[in-house]
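A.B. asks: Could you have a look at this structure, given as structure tokens, before my questions?
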Amino acid sequence: DAGVTQSPTHLIKTRGQQVTLRCSPKSGHDTVSWYQQALGQGPQFIFQYYEEEERQRGNFPDRFSGHQFPNYSSELNVNALLLGDSALYLCASSLAERSYGYTFGSGTRLTVV
Amino acid sequence: QQQVKQSPQSLIVQKGGISIINCAYENTAFDYFPWYQQFPGKGPALLIAIRPDVSEKKEGRFTISFNKSAKQFSLHIMDSQPGDSATYFCAASSTGTYKYIFGTGTRLKVLA
């Protein structure tokens, strides 16, 4: 039973560019959340998708957007990249009921130069 | 009020010792407190979680102690092993929201 799969694992982009990160949730999970983890910090909530809709959003600018597909997989898009966007981006899947807890992927390491 | 404060930032323990990591919160609406373990290059993995209706929860060598009046909770790792060397995060969330608020992490090193 595959866990949460994220791609790519590493990515280097230039300031001002756009990037798309992808996530396949754990089998049986229907909800996908995205977190940003800066070096040496805890993960920060970006947003959560359920039933192909953004259900809740954290304190991130509109440059961060997402999508969830009918098969529950998800994309995170970041436009107009800034140096400060360099971080590990984590996808977490869960069942709609929060209490079941997240299963995290290994993340995508984004470096903006 | 949305913060979860975690301490210490780093911890070194001898093999077989007890590792203790503490977290404090302000938001009394928080009602779910998980602990995550993260190895380098990996995503966080759920270790153990507790709700405020119990004061302690134990799973193997890992125990969460919860003090509702003090708004504090802690993770105890008994008989710490070198394989426990990782970064540990506490987190909190509340009913009606879907996000977790994470602490800043504790880097644990267990010496062989």
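Taken together, the values in this text are just the output of simple stated rules run on the coordinates, not laboratory data. Please read all numbers here as calculations on a predicted model, not as lab measurements. Cβ coordinates were reconstructed from backbone atoms using ideal geometry, including for glycine residues, and neighbour counts include every protein chain displayed.
A.B. asks: Quick one: P(r) of chain A from all Cα-Cα pairs, 10 Å bins, percents rounded to integers, in order of increasing distance.
C.D. replies: For chain A, the pair-distance distribution reads 16, 51, 29, 5.
A.B. asks: Another question about this same structure. Past 31 Å, Cα to Cα: identify those pairs from A:LYS13/B:LYS71; A:LYS26/B:LYS57; A:LYS13/B:LYS42, in the order given. All intermediate terms of the calculation are to be shown ahead of the outcome.
C.D. replies: Numbers: A:LYS13/B:LYS71 42 Å; A:LYS26/B:LYS57 26 Å; A:LYS13/B:LYS42 21 Å.
Where the Cα-Cα span goes over 31 Å, the pairs concerned are A:LYS13/B:LYS71.
A.B. asks: Sticking with the crude label model, points 7 Å out along Cα→Cβ, report the distance from B:ASN27 to B:LYS58 in nm, one decimal please.
C.D. replies: In this crude spin-label approximation the distance works out to 3.2 nm.
A.B. asks: To continue, here is another question. For segment B:32-112, list log₁₀ I(q)/I(0) at each q in 0.16, 0.21 Å⁻¹, using the Debye formula over Cα point scatterers of equal strength and ignoring solvent, two decimals each.
C.D. replies: -0.62, -1.02
A.B. asks: Related question: Tell me, what is the Rg over Rh of segment A:1-56, with Rh the Kirkwood radius over Cα pairs?
C.D. replies: Computed over Cα atoms, the ratio is 0.99.
A.B. asks: In nm, give the distance between the simple-model label positions of B:ALA45 and A:LEU95, each being 7 Å from the Cα along the Cα-to-Cβ direction.
C.D. replies: 2.2 nm
A.B. asks: Could you size up the charge dipole of segment B:41-112 around its Cα centre, putting +1 on the beta carbon of Lys and Arg and -1 on that of Asp and Glu, and report it in debye to the nearest 20?
C.D. replies: 200 debye
A.B. asks: What's the local net charge at A:THR111, with K and R +1, D and E -1, over the other residues with C-beta under 10 Å away?
C.D. replies: It works out to a net charge of +1.
A.B. asks: Next up: Report the net charge of residues surrounding B:VAL13, where surrounding means a beta-carbon distance below 10 angstrom and charges are Lys +1, Arg +1, Asp -1, Glu -1.
C.D. replies: Overall, the nearby charge balance is +1.
A.B. asks: Compute the relative contact order of chain B as a whole-number percentage, counting only Cα pairs closer than 8 Å that sit 6 or more residues apart in sequence.
C.D. replies: 37 percent
A.B. asks: What does the net charge come to around A:GLY16 if you take all other residues with beta carbon closer than 13 Å to its beta carbon, with K and R at +1 and D and E at -1?
C.D. replies: Here the count lands on +2.
A.B. asks: Using the reciprocal of the averaged 1/r over all distinct C-alpha pairs, how large is the Kirkwood radius of the protein assembly as shown in Å?
C.D. replies: So the Kirkwood estimate lands at 18.0 Å.
A.B. asks: Under 19 Å from a point placed 7 Å out from the Cα of B:ALA112 along the Cα-to-Cβ direction: which residues of segment B:70-89 have their backbone N that close?
C.D. replies: B:79-87
A.B. asks: If R0 is 30 Å, what FRET efficiency do you get for A:ARG15 and B:ILE12 from their C-beta distance, rounded to 0.05? List each step's numbers first, then the result.
C.D. replies: Details: r = 39 Å, r/R0 = 1.28.
With a Förster radius of 30 Å, E is 0.20.
A.B. asks: FRET efficiency for A:ASP62 and B:GLN72, Cβ-Cβ distance as r, R0 = 41 Å, nearest 0.05?
C.D. replies: 0.65
A.B. asks: Then there's this: Please name whichever of B:TYR36, B:ILE12, A:SER73 sits farthest to the positive end of the charge dipole of the protein assembly as shown, dipole taken about the Cα centre and charges placed at Cβ: Lys and Arg +1, Asp and Glu -1.
C.D. replies: B:ILE12
A.B. asks: Another question, then. I need A:VAL78, A:VAL112, A:VAL32 ordered by Cβ neighbour count within 10 Å, fewest first. Don't skip to the end; give the middle numbers.
C.D. replies: Numbers: A:VAL78 24, A:VAL112 19, A:VAL32 30.
Listed from fewest to most nearby Cβ atoms, that is A:VAL112, A:VAL78, A:VAL32.
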